[in-house]
Amino acid sequence: MNGAAPVRQQPEQITFAPNFAAWQKIARCALAKDLAPENTIWEELGSNQPALAMFDEHEAQGDTPNTRFRVPKSFVESAMRVARHRDPKRWALLYRLLWRLTHGEPRLLEIVVDPDVNDLMRMDKGVRHDVHKMRAFVRFRAIQHDGATWHVAWFEPEHHIVELNAPFFRDRFASMRWSILTPERCVHWDGRNLTFTTGVPKSEAPREDATEELWRTYYANIFNPARVKTKAMQKEMPKRYWKNLPEAEIIPVLLEEAPARVEKMLRESDAQIARGGNYSIAQPPLTNEWEKLREAACACRACPLWKNATQTVFGEGPRHAEIMLLGEQPGDVEDRGGRAFIGPAGQLLDQALTEAGIDRAKVYVTNAVKHFKWEPRGKRRIHQTPNSRDIAACRPWLEAELGLIKPRVLVCLGSTAATTIFGAGVRVLRDRGQVRESKFATKTMITFHPSALLRAPDEGTREKQYAQFVSDLRVALDCIKTPAGNSQLEHELAFH
């Protein structure tokens with residue numbers, strides 16, 4: 001019997017524009033033709049290549065019902081990012097996953113050990129990581145163009161993320177005119193419209209501007225040698241980005257000097273403790289009048305901090321506020337202005353309170369320490385964390401405020417505030433968002449200090465922690481909506 005051998009189907013070459021929208025449209029047509037992944041070859045369309053006409057009949061008919069396929073929303077979201085990956089095999093991977101999702105494996109994405117799913121997750125993570133690094137490491141330099149100031153930055157992304165990231169920079173720097181140049185794609189914002197152009201060589205980008213020396217000075221001043229973790233630092237700021245960062249040239253020197261600077265800090269701390277006699281415990285007057293309490297605090301000399309501070313920064317807010325926010329100490333802006341949380345951290349706090357649905361005018365804000373502790377660095381006043389003696393000396397003022405205001409909810413912003421209320425052993429990242437009882441308020445919780453969000457190592461961390469910060473403030477708001485004494489709800493909030 002002479003049986004004819006089965007004819008093997010020749011793979012069909014699919015040429016398309018290398019973007020998600022074009023791939024999605026052509027992939028629908030391929031599914032409608034029942035083209036299995038092993039029978040397709042995906043080829044990106046170059047600028048001078050004509051597209052193949054193999055799907056023209058579908059184009060003419062329009063997107064008919066039989067070319068629509070249901071897939072998980074999470075796949076579409078991941079696919080849109082993976083389409084920005086540099087790996088040329090991404091298109092075949094996406095179609096292979098699409099085929100499997102629509103041919104009997106609807107829960108495929110839950111199988112993280114599947115090789116295709118694992119590759120999808122790896123590429124998705126790579127693109128998201130690149131997006132965050134671009135947001136963290138773009139540095140603009142000012143130039144004059146047509147009589148106006150234009151800010152230009154150079155960046156070398158690993159993947160095709162310029163269009164994906166452009167809305168972020170448009171919203172963040174809406175008041176500037178700027179360009180971000182890269183080797184493959186450039187984006188420009190003129191104050192009204194985003195435009196994209198082809199890539200340029202690095203020589204097209206400005207080399208330096210007048211603000212860079214100021215930035216290097218600022219970076220050197222905020223560099224904390226006691227917190228240096230070189231491996232973690234290189235993980236968050238890989239060396240491949242250093243060449244485009246003005247502060248990069250001083251990092252090796254700062255790392256080399258770190259041990260000596262830490263030793264100096266320890267000696268100065270020991271010397272301050274040895275002097276001792278400058279500390280006592282504050283003695284607030286016995287009064288129910290907030291103004292008298294504030295006046296007495298302004299004359300406090302219980303610790304040495306008053307000598308270098310401009311003024312005492314006492315708390316402020318309604319006398320019967322249901323929520324009290326407790327920070328660490330006033331900053332440079334607060335020290336000069338005489339009010340709590342009016343600097344950059346205060347502005348971020350205002351934004352978060354608004355998003356959480358809390359009216360700042362109805363909240364009492366104060367700090368564990370009432371004077372600004374700082375050290376001089378050139379012409380700048382650099383924040384120093386108050387030590388246990390500073391906090392102990394000032395504690396009676398805080399307790400007097402708490403006794404006068406009697407808040408239903410006390411929110412500790414950051415580790416200094418949390419330690420002041422709960423003692424040693426608390427951790428912001430571990431304990432944030434939990435509602436517990438303290439001696440000062442039946443509902444007390446810990447969350448981030450807004451200044452910690454401003455110091456986040458990258459944009460991704462900052463966005464995540466800011467969202468958690470707003471969420472914690474909403475928990476505080478929910479607490480005052482709950483009738484006092486509802487212990488069951490307090491338990492649910494604490495262990496939610």
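The values are calculated or read from the model by the stated rules, or taken from the named source; none is laboratory data. Given the structure is predicted, the values throughout are model-derived calculations rather than measurements. Note: ideal-geometry Cβ built from the backbone for every residue, glycine included; neighbour counts use all protein chains shown. Calculation scope for accessible area: heavy atoms of the full protein, side chains included, ligands and nucleic acids excluded. Shrake-Rupley method; radii C 1.70, N 1.55, O 1.52, S 1.80 Å.
Within the set VAL426, VAL365, VAL333, the sole residue that is of a type in the set (A, V, I, L, M, F, W, C) and at pLDDT 95 or above turns out to be VAL365. Looking only at segment 364-402, filter to residues that are under 21 Å from SER280 (Cβ atoms), open to solvent by 40 Å² or more (accessible area, probe 1.4 Å) and of a type in the set (Gly, Ala, Ser); which one of those is nearest to the chain's Cα centre (by Cα)? Only one residue fits best here, namely SER388.
Give me the pairs: first residue in segment 110-127 and touching a residue at least 60 places away in the same chain (Cβ under 8 Å), second residue surrounded by 12 or more Cβ atoms within 10 Å (Cβ to Cβ), beta-carbon distance under 9 Å, and six or more apart or on different chains, which are they? Going by the 9 Å Cβ cut-off, there are no qualifying pairs.
Residues in segment 81-95: is at least one over 28 Å from the mean Cα position of the chain (by Cα) and either loosely packed, with under 14 Cβ neighbours inside 10 Å or more than 19 Å from ILE14 (Cα to Cα) (or both)? Yes - at least one qualifying residue is present in segment 81-95.
Residues that are open to solvent by less than 20 Å² (accessible area, probe 1.4 Å) and β-branched (Val, Ile, Thr) within segment 422-443 comprise just one, VAL435. Checking each residue in segment 167-211 for being open to solvent by less than 70 Å² (accessible area, probe 1.4 Å), in a helix (DSSP H, G or I) and closer than 16 Å to TRP154 by Cβ picks out only PHE169. Among the residues examined, ARG294 qualifies as assigned to a helix (DSSP H, G or I), among the basic types (Lys, Arg), modelled with pLDDT of 65 or more and buried (at least 16 other Cβ atoms within 10 Å of the Cβ).
The set of residues in segment 18-60 that are modelled with pLDDT of 90 or more, within 22 Å of ASP87 (Cβ to Cβ) and in a loop (DSSP other than H, G, I, E, B) comprises PRO18, ASN19, LEU35, ALA36.
For segment 22-40, name all the residues that are open to solvent by 60 Å² or more (accessible area, probe 1.4 Å) and more than 19 Å from LYS89 (Cβ to Cβ). Within segment 22-40, LYS25, ARG28, LYS33, ASP34 meet the criteria.
Considering only segment 80-101, I want to know if a residue exists there that is in contact with a Phe, Trp or Tyr (Cβ under 6 Å, 6 or more places away or on another chain) and over 21 Å from GLU44 (Cβ atoms). There is no residue in segment 80-101 that is in contact with a Phe, Trp or Tyr (Cβ under 6 Å, 6 or more places away or on another chain) and over 21 Å from GLU44 (Cβ atoms). If you go through segment 292-339 and keep only what is among the small types (Gly, Ala, Ser) and over 24 Å from the mean Cα position of the chain (by Cα), you end up with ALA296, ALA297, ALA299, ALA302, ALA309, GLY315, GLY317, ALA321, GLY337, GLY338. Taking the options LEU454, LEU489, LEU410, name whichever one is of a type in the set (A, V, I, L, M), at pLDDT 90 or above and surrounded by fewer than 17 Cβ atoms within 10 Å (Cβ to Cβ). When all the criteria are applied, what remains is LEU454. The residue that is surrounded by the most Cβ atoms within 10 Å (Cβ to Cβ), counting only those in segment 145-166 that are more than 21 Å from ARG207 (Cβ to Cβ), touching a residue at least 24 places away in the same chain (Cβ under 8 Å) and out of contact with any helix residue (DSSP H, G or I) (no Cβ under 7 Å at 6 or more places or on another chain), is VAL162. Checked against (1) closer than 17 Å to PRO450 by Cα; (2) touching a Phe, Trp or Tyr at 6+ places or on another chain (Cβ under 8 Å); (3) among the basic types (Lys, Arg), ARG360 passes all but a single condition, namely (2). Taken over segment 134-144, the residue count meeting the criterion of being within 20 Å of the chain's Cα centre (by Cα) and either within 15 Å of LEU181 (Cα to Cα) or surrounded by fewer than 18 Cβ atoms within 10 Å (Cβ to Cβ) (or both) is 6.
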